[in-house]
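The values are calculated or read from the model by the stated rules, or taken from the named source; none is laboratory data. Here the structure is a predicted model, which means the values were calculated and not measured. Cβ placement follows ideal geometry from the backbone for every residue including glycine, while neighbour counts extend to all protein chains displayed.
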Amino acid sequence: MAIEFNCPYCTAVIRVGDTAVGKKGTCPKCDTAVVVPRPGVVSSTEPVSTATTSPDVVPDVV
């Protein structure tokens, strides 16, 4: 199963495998270090998107 979350810095959509939860990786779009959150958990540093269109989808980080 895949986990999908937004980079807290550039808001790119990142998809990773469920075994990556809690691991560190790098956003392929902005090259910033990120930690893969548990599904359904919103980081306090993660900006909330109000856009009606989805951002660019970036494939696997880890």
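In region 36-49, the count of residues that are surrounded by 13 or more Cβ atoms within 10 Å (Cβ to Cβ) and modelled with pLDDT under 90 is one or more. Cβ separations smaller than 7 Å between residues 6+ apart or across chains give the following pairs from region 10-30 residues that are over 17 Å from GLY40 (Cβ atoms) to residues that are of a type in the set (S, T, N, Q) and buried (at least 17 other Cβ atoms within 10 Å of the Cβ): ALA12/ASN6.
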